[in-house]
Structure formats: C-alpha cells, structure tokens
Amino acid sequence: MKRNMLWLWLPLIFYLVIILYLSSIPRIPGPPGIDMSFIHVPLYFLLSALFLRLFLRGNKNSGLTRLLSQIVNRLTARTDNWVNLNYTFIFAIICSTMYGIFIEIFQFFLPWRSFSLYDILLNLVGSCFVYVFISVKLRKLLLIPE
C-alpha cells in the first residue's frame, strides 16, 4: 500500500521541484526572439493532471492524501458523480494555480526574475485545459452527444 502512495506522490513532488528549479534560473533557454511565457501552459497542464491523478487514485487512509481527500469530500458532498468529478477537477486546478502564485511570489524576491500577473493567468489557462481535454476525451469515449 505504501508503494502505491509513493508512485502517486513521487511524480508530483518531482515535477514541483522541476518547476521550482526552472523558475529560479535567470532565463529559460529557448530560441532567440520567441516569448517563452507560453511554456507555462503545458507545464501547468501537466501539474494539474498530476494533482488530479493524486486526488482520484489516492488512498484515503494515509497522511496528507487523507487530509486532501477530506477537503475534496467536503466540497463534493453531493451524490451526483459528475458533480463530484467536477469539484475534484476544480480542486486540482486550484492547487496547481496556487503553486503558480507561490512561484511568482518566489520570483519576486529573485533579482534576475520578476513577478508577473500574465504568468499567473497562463498558469490558470494551462490548469484549466486539463478539464477541457479530459471532458472532450470522456465525451468521445462515452459517445455523449454535444
């Protein structure tokens, strides 16, 4: 059981550290003349997907996952499974966006980086794309008419 939790938490923690590292270097390498701000969208898409994976597959009986699951369960007290899934998506989006805000505050204190509301907006857009992507995939998989 502990090994399963390790495989749920380890990719998320590793990815959080990667984002923190990329946020602390002076400039993200990329082609000259191209705005690298849009890298936020895929980065936070994957971060939100990792949070969602943790919330949907996590064992409700272990430590921090139990606390997070209790928060999700309080938000999803309704009996409709689609509503519960929507709240789980929203909670994953909130967690990844809050991490993005933390990163922007962290960058404010670095002399070679700066705080940017535009970056926070791109983080939110990337996080929300998980909901759109999975909703479209579920509709196609379940053959739900649009």
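The values are calculated or read from the model by the stated rules, or taken from the named source; none is laboratory data. Quick caveat, the model's predicted, so the values are computed rather than measured. Note: ideal-geometry Cβ built from the backbone for every residue, glycine included; neighbour counts use all protein chains shown.
Structure values in brief
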| item | result |
| --- | --- |
| Filter result (part of a loop (DSSP other than H, G, I, E, B) and either modelled with pLDDT of 90 or more or exposed (fewer than 13 other Cβ atoms within 10 Å of the Cβ) (or both)) within segment 23-59 | I25, P26, R27, I28, P29, G30, P31, P32, G33, I34, D35 |
| Top-ranked residue of segment 91-108 - restricted to ones that are more than 15 Å from L50 (Cβ to Cβ) and in contact (Cβ under 8 Å) with a residue 12 or more places away in the chain, ranked as surrounded by the most Cβ atoms within 10 Å (Cβ to Cβ) | I103 |
| Which numbered condition A92 misses (of (1) of a type in the set (G, A, S); (2) at pLDDT 85 or above; (3) at positive phi) | (3) |
| Top-ranked residue in segment 89-138 [being more than 15 Å from L20 (Cα to Cα) and outside any helix (DSSP H, G or I); ranked as farthest from the chain's Cα centre (by Cα)] | P111 |
